[in-house]
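Asker: Sharing a structure below in structure tokens format, with a few things to ask.
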Amino acid sequence: MLARHRIDERLWRETMRALPFVRALSMDERQRLRDMALLFLAEKSFSGAHGLPVTDAMRVSVAVQACLPVLELGLDAYAGWSGIVVYPGDFRVHVAETDDAGVVHEFDDERAGESWPGGPVILSWDAARHAPDMNVVIHEFAHKLDMANGEADGVPRLHAGMDRAAWAHAFRTAYQGFCDALERGRETWLDPYAAESPGEFFAVMSEMFFTEAAEARRRYPDVYDQLRRFYRQDPAARSPA
């Protein structure tokens, strides 16, 4: 595949310009990311919802951002599913939730992204392109990694040598502190959506680990260290482009 095909040079440069957090990668990392993105595009199928045409630029942008978290893990981390659905903007999903009293509440929820266990990743292209305070692509693909060992509960399949208790302590302490700050009405650096569940906290922290690495390390050093071990990358240590 790599011998027969390549990502167009101009398209690659345009993608790099649009994703500043990728430009800090070394030349070797960029080449490996480019190769992985090409293989990702060969393995995954894209479809546009509501008549949206999915262009090569859209596909490459999603592929690059999806591959960044697994740059040192390999594409097998995304095995078992193939579909990526892209909506023009946010989309509605029907949600049924059971409260502590056992009462089921059903409602329509507007979302910028969604991941299904064993199923597709669904993205809002408007959010992927324009949302200033989130990276919906990394967020949803972090959920995919989290689902590799079951539900998206904020504890993905950890590597040999990682301490599950240390992971749980770092994330539990940070999550509880974040939720407490929100309840007290304090402004937070993280998107308040991270308080929805430990799984959402993991996905939001994964976004910031790659896109705002130095600040993530400063504000959440223990969580950053666990993510560094999990993703086998240290984005805050990379020199700015």
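Asker: With only alpha-carbon atoms in the gyration tensor, what are the semi-axes of the equivalent ellipsoid for segment 1-98, in Å, largest first?
Answerer: Details: eigenvalues 130, 53, 42 Å².
Each semi-axis is the square root of five times an eigenvalue, giving 25, 16, 14 Å.
Asker: Which whole-number percentage describes the relative contact order of the chain, with Cα contacts under 8 Å and a sequence gap of 6 or more?
Answerer: On the way: 318 pairs, mean separation 40.6, N = 241.
The value is 17 percent.
Asker: State the answer as a single residue: which of HIS169, HIS50, TRP12 lies farthest towards the positive end of the charge dipole of the chain, with beta carbon charges of +1 for Lys and Arg and -1 for Asp and Glu, about the Cα centre.
Answerer: Highest projection toward the positive end goes to TRP12.
Asker: What is the Å³ per residue value for the convex hull set by the Cα atoms of segment 134-232? Walk me through the numbers before you get to the answer.
Answerer: Working: hull volume 8.7 nm³, N = 99.
Roughly 88 Å³ of hull volume per residue.
Asker: Provide the percentage of antiparallel DSSP beta bridges, counting only those with both residues in the chain; round to the nearest 5.
Answerer: Values: 11 of 19 bridges.
Beta bridges within the chain, antiparallel portion: roughly 60 percent.
Asker: Once amide H atoms are placed 1.01 Å from N in the peptide plane, what residues at a sequence separation of 5 or more from SER197, or on another chain, have their amide H within under 5 Å of its amide H?
Answerer: So SER197 has HN proximity to no qualifying residue.
Asker: Per DSSP helix of 4 or more residues, -39500 (n - 2.57); summed, then divided by the residues of the chain. What does that give at 222 nm, rounded to the nearest 500? Mind showing how you got there, number by number?
Answerer: On the way: 9 runs with 108 residues, N = 241.
For the chain, the value works out to -14000 deg cm²/dmol.
Asker: Leaving out ligands, DNA and RNA, and with a 1.4 Å probe, what % of the accessible surface on segment 77-231 is carbon or sulfur? Please report the intermediate quantities before stating the final value.
Answerer: Working: 3620 of 7940 Å².
Carbon plus sulfur share of accessible area: 46 percent.
Asker: About the Cα centre, and with charges only on the beta carbon of Lys, Arg (+1) and Asp, Glu (-1), how big is the dipole of segment 14-78? Nearest 20 debye, please. Provide the component values of the computation, followed by the final result.
Answerer: Values: 7 positive and 8 negative charges, 43 e Å.
For segment 14-78, the charge dipole is close to 200 debye.
Asker: If you don't mind, there's one more thing I want to ask. Along the charge dipole of the chain, which of ALA194, HIS130, VAL22 sits closest to the positive end, that is, farthest toward it, with unit charges on the beta carbon of Lys, Arg, Asp and Glu (+1, +1, -1, -1)?
Answerer: Checked the options; the winner is VAL22.
Asker: Using unit Cβ charges (K, R positive; D, E negative) and no other charged atoms, how large, in debye to the nearest 20, is the dipole of the chain about its Cα centre? All intermediate terms of the calculation are to be shown ahead of the outcome.
Answerer: Details: 27 positive and 38 negative charges, 275 e Å.
In debye, rounded to 20, the chain gives about 1320.
Asker: What accessible area per residue, rounded to a whole number of Å², is obtained for the chain using a probe radius of 1.4 Å? Write out the running numbers ahead of the final one.
Answerer: Details: 12520 Å² over 241 residues.
Heavy-atom SASA per residue in the chain reads 52 Å².
Asker: Now a separate question. So how far, in whole Å, is the C-alpha centre of segment 1-59 from the one of segment 160-210?
Answerer: Measuring centre to centre over Cα atoms gives 30 Å.
Asker: From the residues PRO221, PRO120, MET1, which one has its Cα farthest along the dipole of the chain in the positive direction, the dipole being from +1 and -1 charges on Cβ of Lys/Arg and Asp/Glu about the Cα centre?
Answerer: MET1
Asker: Moving on to the next point. Can you run the Rg to Rh ratio on the chain? Use alpha carbon positions and the Kirkwood inverse-distance Rh. Please report the intermediate quantities before stating the final value.
Answerer: Working: Rg = 17.9 Å, Rh = 18.7 Å.
In the chain, Rg relative to Rh is 0.96.
The values are calculated or read from the model by the stated rules, or taken from the named source; none is laboratory data. None of these values were measured; they are calculated from a predicted model. A quick note on method: Cβ atoms are made from the backbone with ideal geometry, for glycine too, and the neighbour counts reach across all protein chains shown. Side chains included, ligands, DNA and RNA excluded: accessible areas come from the protein's heavy atoms. Shrake-Rupley method; radii C 1.70, N 1.55, O 1.52, S 1.80 Å.
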